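To start, the structure itself, in structure tokens.
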Amino acid sequence: MRVLVTGAAGFLGSRFATLLAERGHDVLATTRPGGRTGPPGVEAVAIDAGDEAIEELVAGREVVLHFAGVPDPTKANADPARAVRENAGTTLTLLEACVRHDSGLLYPSTIRAALDSPPDAYAISKRLGEEVCRLHRARATVLRLTSVFGRGQVAGAGATGAIARFAACALEGAPIVIPGDPERGRDFVFADDLVPVVERIVVKGRWGGTVTLARGETTPLRRAAELVLAAAGSAVPVELPGGELPPGENETYPAEPTPGLGFEPRPVEEGIRLYVDWLRAHTAPQGRPRA
């Protein structure tokens, strides 16, 4: 496949670009101007995903995997207008380019957007991106993702996610703090497991509609912290201060995986072990990526 991956400086964009290239696909990536560079070994262009000039990069690509945007609920909720521009507006720009160049678009969304009343500005912005895909005449498929974690995700470099935060604390010797309800659950999925099924969606031409890529079971955050500590061989304390959290953060998000995709996510315990081993080898003691 000839693939354009937007947002390739971020965790998921970078990981998908790397693995797709390793699987023999022709990958071109984009990164935000003035921001971090793309993954090693993958050609990357610094351009805003909403810039009309991105059409030149879409030309000749079978599929656009659109990870550019605002993936962090905290940042999205702090600036909802920007979140809508980047999570929905840039999607429309890319869909217009896809029509002109007969390309398909995969839009990674969030399980939070599945709620009839999305709980926060982040979920609303992603739901609007989904609607743009649904209404547009371009070939497009929405991928609703749950709590994805894995290699390349470093909390000290700005990555979000419970597993990344817990692992950074465990390896640094800092307490793991779980505010709010520690029994709220997340459907954790190891990032590398997503790539083969996304590849099949494109190869089989499964365009249109929405698919949910999930394990189908939730893990309480307290249990996730215990699994991280076991993988890291750490005995740092888990602190449970309780307290109120922003809308959308203190909820459990169960997900029903779409059948017939051949998605086979590995057990959470195995994914956490692989991630902690990677993090230990690839970050300095302060939690920053090694040069």
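Worth a mention:
- For segment 89-108, the criterion of a residue being in contact (Cβ under 8 Å) with a residue 40 or more places away in the chain, outside any helix (DSSP H, G or I) and over 27 Å from Thr160 (Cα atoms) is satisfied by at least one position.
- Of residues in segment 11-44 being of a type in the set (A, V, I, L, M, F, W, C) and part of a helix (DSSP H, G or I), the one nearest to Val189 (Cα to Cα): Leu12
- Being part of a strand (DSSP E or B) and either surrounded by 21 or more Cβ atoms within 10 Å (Cβ to Cβ) or not β-branched (Val, Ile, Thr) (or both) holds for only one residue in Leu245, Leu240, and it is Leu240.
- Residues located in segment 45-57, provided they are in contact (Cβ under 8 Å) with a residue 24 or more places away in the chain and either buried (at least 22 other Cβ atoms within 10 Å of the Cβ) or not in a loop (DSSP other than H, G, I, E, B) (or both): Ala49, Glu52, Ile54, Glu55, Leu57
- On the stretch given as segment 207-228, residues that are basic (Lys, Arg) and either assigned to a helix (DSSP H, G or I) or surrounded by fewer than 17 Cβ atoms within 10 Å (Cβ to Cβ) (or both) total 2.
- Among residues of segment 1-12 being more than 15 Å from Phe149 (Cβ to Cβ) and in contact (Cβ under 8 Å) with a residue 40 or more places away in the chain, the one that is surrounded by the fewest Cβ atoms within 10 Å (Cβ to Cβ) is Arg2.
- From Arg61, Arg82, residue being surrounded by 16 or more Cβ atoms within 10 Å (Cβ to Cβ), in a helix (DSSP H, G or I) and either in contact with a helix residue (DSSP H, G or I) (Cβ under 9 Å, 6 or more places away or on another chain) or hydrophobic (A, V, I, L, M, F, W, C) (or both): Arg82
- Residues in segment 131-154 that are touching a strand residue (DSSP E or B) at 6+ places or on another chain (Cβ under 9 Å) and assigned to a helix (DSSP H, G or I): Val132, Cys133, Arg134.
- Ala167 being out of contact with any strand residue (DSSP E or B) (no Cβ under 7 Å at 6 or more places or on another chain) and buried (at least 22 other Cβ atoms within 10 Å of the Cβ): yes
- Entry remark, segment 155-189: residues being outside any strand (DSSP E or B) and at pLDDT 95 or above number 20 in total.
- The residues of segment 44-71 that are among the charged types (D, E, K, R) and under 17 Å from Ala140 (Cα atoms), listed by number, are Glu55, Arg61, Glu62.
- Out of Leu221, Leu229, one residue alone is touching an Asp or Glu at 6+ places or on another chain (Cβ under 8 Å) and hydrophobic (A, V, I, L, M, F, W, C). It is Leu221.
- Leading residue by the ranking (surrounded by the fewest Cβ atoms within 10 Å (Cβ to Cβ)) among those in segment 133-147 that are out of contact with any Phe, Trp or Tyr (no Cβ under 8 Å at 6 or more places or on another chain) and among the hydrophobic types (A, V, I, L, M, F, W, C): Leu135
- Meets criteria (part of a helix (DSSP H, G or I), among the aliphatic types (A, V, I, L, M) and touching a strand residue (DSSP E or B) at 6+ places or on another chain (Cβ under 8 Å)) for Ala231: no
- Selection from segment 109-122 of residues that are charged (D, E, K, R), within 19 Å of the chain's Cα centre (by Cα) and assigned to a loop (DSSP other than H, G, I, E, B): Asp120
The values are calculated or read from the model by the stated rules, or taken from the named source; none is laboratory data. This structure is a prediction, so every number in the text was calculated from the model and none was measured. Ideal geometry is used to build each Cβ from the backbone, glycine not excepted, and the neighbour counts take in all protein chains shown.
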